[in-house]
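S.K.: I have a structure here, written as structure tokens, and I will follow up with some questions on it.
All of the numbers you see were taken from the coordinates with simple rules; none came from a lab. Just so we're clear, the structure is a prediction, and the values are computed from it rather than from any experiment. Don't worry about glycine lacking a Cβ; one is built from the backbone with ideal geometry, like all the others, and counts go over all protein chains shown.
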Amino acid sequence: MSKTTYISISSQKGGVGKTTINVLAASVFHFLANQKVAVIDCDYPQHSLEGMRNGDLEQLENNPQRAAEFEALDRQAYPVVACEVKDALDIAQQMEGQFDLVFIDTPGTINVPGIIELWKQTDYIFIPVEADKLSISATLTYASVLQQFIMGQPDSRLKQFYAFWNKHIKSEKQDFYTRTEEVFAAQGIPFLQSRVEQSVNYKKEGMRSTMFPLGKEYMRLGISSLVEEMARIIFPDAAAATAPEDAAAPNEAL
Ligand SMILES: Nc1ncnc2c1ncn2[C@@H]1O[C@H](COP(=O)(O)OP(=O)(O)O)[C@@H](O)[C@H]1O
Ligand SMILES: [Mg+2]
């Protein structure tokens, strides 16, 4: 197995979609791009990602039809390991070489022992941003922490971090979005082009499943382009070297 790449959808703000996008991206890479994926949920004591997995397992137990559908997938679910931040680094390091991609869901605050060391263990950080002042200022603060204490440090593997819009509303404040991207660019913070749309679908049961591939109807909401953009960043060689018809390229199956 080739080298493991560590990814975190993280931010210094609660409720922006960290857990949601970690699950969706992990599921797309695992089920649709056939990558060997693991997830570390160290948002202690909330562990909402582990809670999602437990809910999914319960559903399989109580719903024979769903259980049969899972059987028919013929694809094991990816492991979800819940722990505290201070233990996450060890767990992540033990995963080295065992997985292609490890997604790490962290708490929305920097005031947790071990979080700086954990971010140093990530190769790429993607920061969901909502179109409001609080979310934007929290992102600027977070980015400056990453720039000052993580990026370029000798013991850090962080290659780059990116902001991206989550809960984007197409019909609203396009000016605000572009101006914010310009401000971020001036501070050396790249923005992904993909925007994940605000949608009521996130309230639907099974939308954020940890055991089933994401339904096609949900991929339209900016998720497929987000994950494709992430794949081009994470696997630049595969993207450059692979002809479009080669199904082995991680981003081709998306
Ligand atoms: N693109 C979106 N559109 C609508 N609701 C969303 C979207 N992304 C996340 N949410 C909702 O926002 C809430 C917070 O998301 P969550 O992933 O738990 O955030 P965090 O992990 O950053 O605290 C959840 O209720 C989730 O369903
Ligand atoms: Mg969360």
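S.K.: What is the dipole size for the chain, taken about its Cα centre, with +1 at each Lys and Arg Cβ and -1 at each Asp and Glu Cβ, in debye to the nearest 20?
M.R.: That gives the chain a dipole magnitude of about 620 debye.
S.K.: Right, something else. Taking segment 169-205, which GluC sites (Glu not before Pro) meet the DSSP loop condition and have no more than 13 other C-beta atoms within 10 Å?
M.R.: Those satisfying the criteria are 172, 205.
S.K.: Now a separate question. Quick check: from the Cα gyration tensor, does the chain come out rounded (a/c under 1.5), prolate or oblate?
M.R.: rounded
S.K.: Here is a further query. Can you find, among 168, 215, 5, the residue sitting farthest towards the positive end of the charge dipole of the chain, where Lys and Arg contribute +1 and Asp and Glu -1 at Cβ?
M.R.: The residue sitting most towards the positive pole is 168.
S.K.: Run the quick spin-label model on residue 3 and residue 137: label points 7 Å from Cα toward the beta carbon, then report their separation in nm to one decimal.
M.R.: 3.9 nm
S.K.: Determine the sum of side-chain charges near residue 114: Lys and Arg each +1, Asp and Glu each -1, restricted to other residues whose C-beta is under 10 angstrom from that of residue 114.
M.R.: -3
S.K.: When only DSSP loop residues count, what trypsin sites (Lys or Arg not before Pro) in segment 186-230 have their Cβ near at most 15 other Cβ atoms within 10 Å?
M.R.: In loop regions of segment 186-230 (DSSP not H, G, I, E or B), the sparsely surrounded trypsin sites (Lys or Arg not before Pro) are 204.
S.K.: Which net charge results for the neighbourhood of residue 182, defined as the other residues with beta-carbon distances under 15 angstrom from its beta-carbon, given Lys and Arg at +1 and Asp and Glu at -1?
M.R.: 0
S.K.: Same structure again: What does the helix-only formula give at 222 nm for the chain: each DSSP H stretch with n ≥ 4 adding -39500 (n - 2.57), the total divided by the residues, and the result rounded to the nearest 500 deg cm²/dmol?
M.R.: Helices in the chain give a 222 nm mean residue ellipticity of -11000 deg cm²/dmol.
S.K.: Which entries of 120/159; 18/216; 3/36 show an alpha-carbon separation above 19 angstrom in the structure shown?
M.R.: Violating the 19 Å limit, Cα to Cα: 18/216.
S.K.: May I ask you to evaluate 6.51 cos²θ - 1.76 cosθ + 1.60, the Karplus curve with θ = phi - 60°, for each residue of segment 205-222 and list the ³J(HN,Hα) values in order in whole Hz, giving x for glycine and proline?
M.R.: Result, rounded to whole Hz: 4, x, 5, 9, 5, 9, 10, 10, x, 5, x, 4, 5, 8, 4, 5, 7, x.
S.K.: Next up: For a Förster distance of 25 Å, can you work out the FRET efficiency between the beta-carbons of residue 160 and residue 220, rounded to the nearest 0.05?
M.R.: 0.40
S.K.: Please name which of 26, 63, 187 has its Cα lying farthest along the dipole of segment 5-241 towards the positive end, using unit charges on Cβ (Lys, Arg +1; Asp, Glu -1) and the Cα centre as origin.
M.R.: The one lying farthest along the dipole's positive direction is 187.
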